[in-house]
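K.L.:
Got a structure for you, questions after.
The values are calculated or read from the model by the stated rules, or taken from the named source; none is laboratory data. Source: prediction; values computed, not measured. Ideal geometry is used to build each Cβ from the backbone, glycine not excepted, and the neighbour counts take in all protein chains shown.
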Amino acid sequence: MKKIFSPQQKALIAIEAIKGLKTNNQLSSQFEAHPVQIGLWRKQLLDNAHTVFSDKRKQETRDHEQLTERLYTIIGQRDTELDWLKKKLHLDT
């Protein structure tokens, strides 16, 4: 049966693998995870460790600004369409 690991468990196992005090086979026996999977978690942690220290507020601000700009564009387009419809209806009556 396949064992499901939480993100916290994966991080713990990957950190143990990075420490290098035990081999992947020893960690595999200890945590009941396949040695190849432990190696993949280790690589994933090393590849993405820099994101832990990234400033999420800057990304959130950038996303917020993009959303605001997009919404203002849509509002402007709707205003233009509404004005056009008002002119069309006024001329036809």
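K.L.:
Residues to consider are ILE38, ILE18, ILE13; find the one that is part of a helix (DSSP H, G or I), in contact (Cβ under 8 Å) with a residue 12 or more places away in the chain and in contact with a Ser or Thr (Cβ under 8 Å, 6 or more places away or on another chain).
P.N.:
Details: ILE18 fails: in contact with a Ser or Thr (Cβ under 8 Å, 6 or more places away or on another chain); ILE13 fails: in contact with a Ser or Thr (Cβ under 8 Å, 6 or more places away or on another chain).
Matching residue, one of ILE38, ILE18, ILE13: ILE38.
K.L.:
Now, a different point. Being modelled with pLDDT under 95, loosely packed, with under 10 Cβ neighbours inside 10 Å and assigned to a helix (DSSP H, G or I) narrows it down to one of HIS90, HIS64, so name that one. Talk me through it step by step, then tell me what you get.
P.N.:
Numbers: HIS64 fails: loosely packed, with under 10 Cβ neighbours inside 10 Å.
After applying the criteria, what remains is HIS90.
K.L.:
Can you name every residue in the range 47-61 that is part of a helix (DSSP H, G or I) and either modelled with pLDDT of 95 or more or polar (S, T, N, Q) (or both)?
P.N.:
Of everything in the range 47-61, those that are part of a helix (DSSP H, G or I) and either modelled with pLDDT of 95 or more or polar (S, T, N, Q) (or both) turn out to be ASN48, THR51, GLN59, THR61.
K.L.:
Of the numbered conditions (1) at positive phi; (2) surrounded by 10 or more Cβ atoms within 10 Å (Cβ to Cβ), LYS22 fails exactly one; give the number of that condition.
P.N.:
(1)
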